[in-house]
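Heads up: the structure comes next, in structure tokens.
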């Protein structure tokens, strides 16, 4: 952190350590003392802008002095210290890039950015992190993130970073196709423009033209953000004239856009999960408050207050139906102050069907209005406008299909009511309807009992009119004095009369509730106080009813309890609604806590069975490859003893349309069977009969719009269709599908992190292998050369000649090993050409047949119209041969080897399914065998150097590592598919090129004469290498002038008068590289010919290890014969 005057206020340990200091060493120092004098002015401009501009951000490079006195190059990102109103300093992020190649630095920064974005799940922070990272990664003037506007199809600026105030950009809109971002979205690919202001292909809105002119950054590059097939927006880079966004920049920007899209979608999913959990917790608290309210008024006031608090509304009200007047009356409000109450009409009465609220009641359908002022349907519209009410939500209160009122919620501003708020309000309305109905039943019960005590006549009339069971009993004997006629009709038509409370409980109360109900009645008599309880009644035909059982006591003048009176009201419908809502909440809680679908399903099946009263539940999942449903899990109540039923189900599969699960799959909806014994399409009818199972229903599970599985439930009761339960399970199927999709996204994220870890591991192994190989090159050059000179000096009959031969052959094998290590580390020098892969395969076919055994059938199908690739044919042949040898060794008993090539195009969605892949056009080279295959553990390590599954002495473990390195060096990637016992397929993807195929280069003819007498200047800084090469050349007849470095070589060229025919120079030497030495030497002697020798790990002359055309190079280690051929080849070339 820098103060406005440039003084360092805070410093991280890592930042200070990069300069050789501790954090305390730097605090209080001026940054200007550390900066290179040429970089001070630029840094001061950034500091001044950062301390004066809210939201400022800028990326630049500068040199800083290390504690040891050396200058280090840093990539720097400066961000203003405070958002607003006035920044008090600037935050500086630094990265030491002194020793980094641009591509390596970009890859490293991209990995850091990916890790940071993966760890950022706050939707409010992700856009800012993205644009700051873009500014850091690409070092441009302005970075912008746009989100797609779903309504207009245009782009809206969500975040930006740069040298000016970002607030002027936020919220600005690009019409469809406008700007670099609009073009990238429209074309679905990265785009660039050297000057947007004059680019006819890119229309610009006025505001963007003004910004670009003002900031001086018309150069642009953009990439679309596509996540799992959904277009999310675009990221755009702007820079000053002269900036050239290369193809590499576009590929890096596209890779960054993929990471940004994943981060945005992960943050959105995470936020939705948080919001849903928060809403459920709020709903639980609100429902609890409803349960604690006593009386109608308190209940309704709790409902109104809960609704207002749940969605942050200005006010809420509860309208209750008055059936006689066919009108709705306000019974409770929340958030209505005295001033608004004075303005309100009195009384507030709305007829059925009148205005918004009346229509909500009559239609029993929720209504949502963004602005009451723009909606003429409101019956109280003028009052609402005066009171400052704008947005409106009206929700019917429905119990068992009957509307009993309306819950209204109003907001103080015009706004769209979000889907999550609608869901919360509708759940609350369901609970409010139950609470209202219970309060109404309680009021009716109390009124009925009070009227019964006033008059026996009125009580008898009540018994006949009331839709309930009423009884009166002697408190001492528990004998029934009165039992309403409705009791016999409802519970036991034509049955024996009931004489006591005990008999009433034993005959009609559910066995599980019987003792609890008797205890409740006797406690009321003992304590002399009224009470209420909920329990089940069991009718003679097996039907189960839920009732609210309320008891009051009657006493004599002395206060002794003489009578007990009871009222039983049917609340079965309300209990079912409550039960369904409990089921929804329980399943949602289970899904929120479960780490995987397999751990979530058992408690979900159990919750549905226990809360909805079913006995057995199953999950059937679709096997996409086989096109069938297979049983995944079953749960049943312990008393069912369903082991045989479960075992039979586990062995079964259902084709589409077969059985109840197959029918639900094909029809895509819930299916209800009242009794499977009468359903000819139920496959397991006999098994169900043994367990006494009758009713069944099945419903589909959906993810991303398609059915992925089916849930099936069975009951021992015969049950008619329950529309309310079917609505609940339809929503349940969607929730489970969304859960499975969320877990799939999380698994994909974990897979991408594992891919990154594996790539970093392979990169580290490659660097190690490459370094080791290059260090051996100079040593092997000396050993091979000296061995060859020793061989030539010894007679073939000499006893020492065999030792010399063994040394020479062993050194050659070591040289082959170093070449394989260089190939794996992608440091092998390439001579690429545009070629047709089908011609290459045709030329290799005969050699491959000799390479494999006779018991292996080789198939190389021809492919017409194959696209061309740019590759080193020798290296590509090595890939094919190594894969063929690997396949041969995997088929000890014989088999079939198939090598084919094909054209493939990968879009973003397909590429995302292949580790390491990218979208585009590619030529696929596929090598498949029918051998022993590989386990997943072996597949994870096959490309590591020196890893092999062969016995000792049968392999070096470098074959597939070499293939991996060659393919990556050609900008392609390789995939493997294998299963033990089912063979292996390697798939190599090489990028397509549009250039015509190069003509075959004529190889130099074999020369009988490999000697000469010309003068050769040898420039080599390694003493032993220089000495042995000199002796090899002199043994061939050449005159050799040696130089220990570039300066000495130039001095020889200037000083010596005799002609020099060839400069033989190392590529990397202290002080000057070989190509620079050759350039200066040929300026002094234009006829001088040049041959390079190379073997150094830091050989940066060749971009991406590709040898430029016309440059002749001899790679270390080399033999005297290869040296002789190369020297003669260069000397004999025409001038």
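Observations
- Total residues in segment 1-39 satisfying the condition of being assigned to a helix (DSSP H, G or I) and under 39 Å from the mean Cα position of the chain (by Cα): the figure is 6.
- Residue 360 being within 47 Å of the chain's Cα centre (by Cα), closer than 16 Å to residue 320 by Cβ and buried (at least 22 other Cβ atoms within 10 Å of the Cβ): yes
- As for segment 787-801, it holds no residue that is touching a helix residue (DSSP H, G or I) at 6+ places or on another chain (Cβ under 7 Å), modelled with pLDDT under 80 and in a loop (DSSP other than H, G, I, E, B).
- Elements of type strands (runs of 3 or more DSSP E) in segment 309-376, at least 3 residues being over 16 Å from residue 391 (Cα atoms): 315-322, 327-334, 349-351
- Meets criteria (modelled with pLDDT of 75 or more, assigned by TED's automatic domain parsing to the domain that holds residue 233 and farther than 26 Å from residue 231 by Cα) for residue 41: yes
- Selection status of residue 724, at pLDDT below 80 and farther than 17 Å from residue 611 by Cβ: no
- Residues of segment 162-179 that turn out to be modelled with pLDDT of 90 or more and under 14 Å from residue 217 (Cβ atoms), as a count: 2
Residues checked against (1) modelled with pLDDT of 85 or more; (2) part of a helix (DSSP H, G or I); (3) farther than 19 Å from residue 525 by Cβ; (4) not assigned by TED's automatic domain parsing to the domain that holds residue 529:
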{"position": "457", "(1), (2), (3), (4)": "no, yes, yes, yes"}
{"position": "461", "(1), (2), (3), (4)": "no, yes, yes, yes"}
{"position": "464", "(1), (2), (3), (4)": "no, yes, yes, yes"}
{"position": "473", "(1), (2), (3), (4)": "yes, no, no, no"}
{"position": "476", "(1), (2), (3), (4)": "yes, no, no, no"}
{"position": "486", "(1), (2), (3), (4)": "no, yes, yes, yes"}
{"position": "489", "(1), (2), (3), (4)": "no, yes, yes, yes"}
{"position": "494", "(1), (2), (3), (4)": "no, no, yes, yes"}
{"position": "497", "(1), (2), (3), (4)": "no, no, yes, yes"}
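- Among the residues of segment 622-645, those that are in contact (Cβ under 8 Å) with a residue 40 or more places away in the chain and surrounded by fewer than 19 Cβ atoms within 10 Å (Cβ to Cβ) comprise 632, 640, 641, 644.
- Selection count where residues are within 29 Å of residue 776 (Cα to Cα) and touching a residue at least 24 places away in the same chain (Cβ under 8 Å), scope segment 1068-1094: 16
- Residue count, segment 521-552 (criterion: over 20 Å from residue 466 (Cα atoms), part of a strand (DSSP E or B) and in contact (Cβ under 8 Å) with a residue 60 or more places away in the chain): 0
- Given (1) closer than 30 Å to residue 573 by Cα; (2) at pLDDT below 90; (3) touching a helix residue (DSSP H, G or I) at 6+ places or on another chain (Cβ under 7 Å), index of the condition residue 387 fails: (1)
- Condition met for residue 436 (modelled with pLDDT of 85 or more, crowded, with 21+ Cβ neighbours inside 10 Å, closer than 23 Å to residue 582 by Cβ and touching a helix residue (DSSP H, G or I) at 6+ places or on another chain (Cβ under 8 Å)): no
- Among residues of segment 646-667, those that are crowded, with 19+ Cβ neighbours inside 10 Å and in contact with a helix residue (DSSP H, G or I) (Cβ under 7 Å, 6 or more places away or on another chain), counted: 1
Residue-wise test of (1) part of a strand (DSSP E or B); (2) at pLDDT below 90.
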position: 1040; (1), (2): yes, no
position: 1048; (1), (2): no, no
position: 1051; (1), (2): no, no
position: 1081; (1), (2): no, no
position: 1086; (1), (2): no, no
position: 1092; (1), (2): yes, no
position: 1100; (1), (2): no, yes
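- Yes/no for residue 1058 being farther than 17 Å from residue 789 by Cβ and not in a helix (DSSP H, G or I): yes
- With respect to being part of a loop (DSSP other than H, G, I, E, B), in the same structural domain as residue 434 (by TED's automatic domain parsing), at negative phi and at pLDDT 85 or above, residue 416 fits the description.
- Odd one out for residue 581 among (1) in the same structural domain as residue 728 (by TED's automatic domain parsing); (2) in a loop (DSSP other than H, G, I, E, B): (2)
- Taken over segment 1028-1067, the criterion of being more than 25 Å from residue 1133 (Cα to Cα), touching a residue at least 24 places away in the same chain (Cβ under 8 Å) and surrounded by fewer than 21 Cβ atoms within 10 Å (Cβ to Cβ) is satisfied by 1044, 1045, 1047, 1048.
The values are calculated or read from the model by the stated rules, or taken from the named source; none is laboratory data. Quick caveat: nothing in here was measured; it's all calculated off a predicted structure. Cβ: placed from backbone, ideal geometry, glycine included. Neighbour counts: every protein chain shown.
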